[in-house]
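The values are calculated or read from the model by the stated rules, or taken from the named source; none is laboratory data. From a predicted model like this one, the values you see are computed outputs, not experimental measurements. Glycine gets a Cβ as well: all are built from the backbone with ideal geometry, and neighbour counts include every protein chain shown.
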Amino acid sequence: MNNYHYIIAGLPALTREWRFPEGDFNSYIADIKEMCSARDRELIGRLEKGFDDNSLDRDFYKEAMSCRNRFIREYFSFDLNVRNAKTRYLNQALGRPADKDVIIPDDDEVTTAGAFGDLKMKGDFEEAQRLDSILQGKDILARERGIDSLMWDKIDSLTVFSYFDIDTILGFICKMHIISRWAMLDEQTGREMFKRLVDEVRGTFKGFEINNNKNDKI
């Protein structure tokens, strides 16, 4: 992404008086979109739709799984696995049928095979055991932090080899959504997560610059 360094440069410095109101969050996203191509803005719009609870139905996930962008496909595959696991956990706690309200896209209508292979059965996936341990926790806020930490780590795994491209931007926006939610729930947690994001992004950018300088000398 040619304008990636502008996004980094625009990150605010953290102070004791730091606040992250909703308006600031929206302005960050708007600024990012302005620096993106029309095609990238379309992908961002598709990603943003996935943070609207009213949009998260079977048709949304089918569409996401058909997206050509790898990050969109894999992120929302994981998101659905997590949401279905939470639903099954609540169903068990409430004595309801295990698969009540679980979302299963039709396999023959989803072009990306494999991602949903186990969903019709247990919903097993690589991080299922870690998520189950989180859900067993008694403290509500601790559970929410654990789930968001799981999502954060997944974003990292999806962008580990992405440098200055749209997947990096999409991952950045996902983390901003996590931070925005915590800024409203628990300001200190939101502050800490935002600092973590700033450090991660600037660290990646610095490392890339150092590597480029070394290559220039060869």
When segment 126-148 is examined, which residues are found to be part of a helix (DSSP H, G or I) and touching a residue at least 24 places away in the same chain (Cβ under 8 Å)?
ALA128, LEU131, ASP132, LEU135, LEU141, GLU144, ARG145, ILE147, ASP148
Sole exception among (1) part of a helix (DSSP H, G or I); (2) surrounded by fewer than 19 Cβ atoms within 10 Å (Cβ to Cβ) for CYS67, by number
(1)
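Within segment 155-205, work out how many residues are assigned to a loop (DSSP other than H, G, I, E, B), modelled with pLDDT of 80 or more and surrounded by 15 or more Cβ atoms within 10 Å (Cβ to Cβ).
Restricting attention to segment 155-205, the residues satisfying the condition of being assigned to a loop (DSSP other than H, G, I, E, B) are 160-165, 186.
Right, trim to modelled with pLDDT of 80 or more and you get 160, 165, 186.
Now drop any that are not surrounded by 15 or more Cβ atoms within 10 Å (Cβ to Cβ), which leaves 165, 186.
Matching residues across segment 155-205 total 2.
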From the list ILE72, ILE32, which one is at pLDDT 95 or above and either touching a helix residue (DSSP H, G or I) at 6+ places or on another chain (Cβ under 9 Å) or not in a helix (DSSP H, G or I) (or both)?
ILE72
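I'm trying to understand the selection: among the residues of segment 36-50, which are more than 19 Å from SER180 (Cβ to Cβ), free of Cβ contacts under 8 Å to residues at least 12 places away in the same chain and not polar (S, T, N, Q)? Steps first, answer last, please.
Restricting attention to segment 36-50, the residues satisfying the condition of being more than 19 Å from SER180 (Cβ to Cβ) are 36-43.
Next, from what is left, pick out any that are free of Cβ contacts under 8 Å to residues at least 12 places away in the same chain: 37-39, 41-42.
ALA38, ARG39, ARG41, GLU42 - these are the residues of segment 36-50 that are more than 19 Å from SER180 (Cβ to Cβ), free of Cβ contacts under 8 Å to residues at least 12 places away in the same chain and not polar (S, T, N, Q).
Can you find, within segment 49-63, the residue that is nearest to the chain's Cα centre (by Cα) among those that are more than 19 Å from LEU150 (Cβ to Cβ) and assigned to a helix (DSSP H, G or I)? Before you say what the answer is, go through the steps one by one.
Quick first cut of segment 49-63, residues more than 19 Å from LEU150 (Cβ to Cβ) only: 49, 52, 54-55, 57-60, 62-63.
From what is left, the residues that are assigned to a helix (DSSP H, G or I) are 49, 54-55, 58-60, 62-63.
Working: LYS49: 12, ASN54: 17, SER55: 16, ARG58: 19, ASP59: 19, PHE60: 16, LYS62: 18, GLU63: 17 Å.
My answer is LYS49.
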Tell me, which residue of segment 87-105 that is in a helix (DSSP H, G or I) and buried (at least 16 other Cβ atoms within 10 Å of the Cβ) is farthest from the chain's Cα centre (by Cα)?
ASN91
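Tally time: how many residues in segment 163-183 are over 18 Å from SER27 (Cα atoms), touching a residue at least 60 places away in the same chain (Cβ under 8 Å) and among the hydroxyl-bearing types (Ser, Thr, Tyr)? Walk me through it before giving the result.
First, pick out the residues of segment 163-183 that are over 18 Å from SER27 (Cα atoms): 163-168.
Checking which are touching a residue at least 60 places away in the same chain (Cβ under 8 Å) leaves us with 164-168.
So of that shortlist, the ones also among the hydroxyl-bearing types (Ser, Thr, Tyr) come out as 168.
Of the residues in segment 163-183, 1 are over 18 Å from SER27 (Cα atoms), touching a residue at least 60 places away in the same chain (Cβ under 8 Å) and among the hydroxyl-bearing types (Ser, Thr, Tyr).
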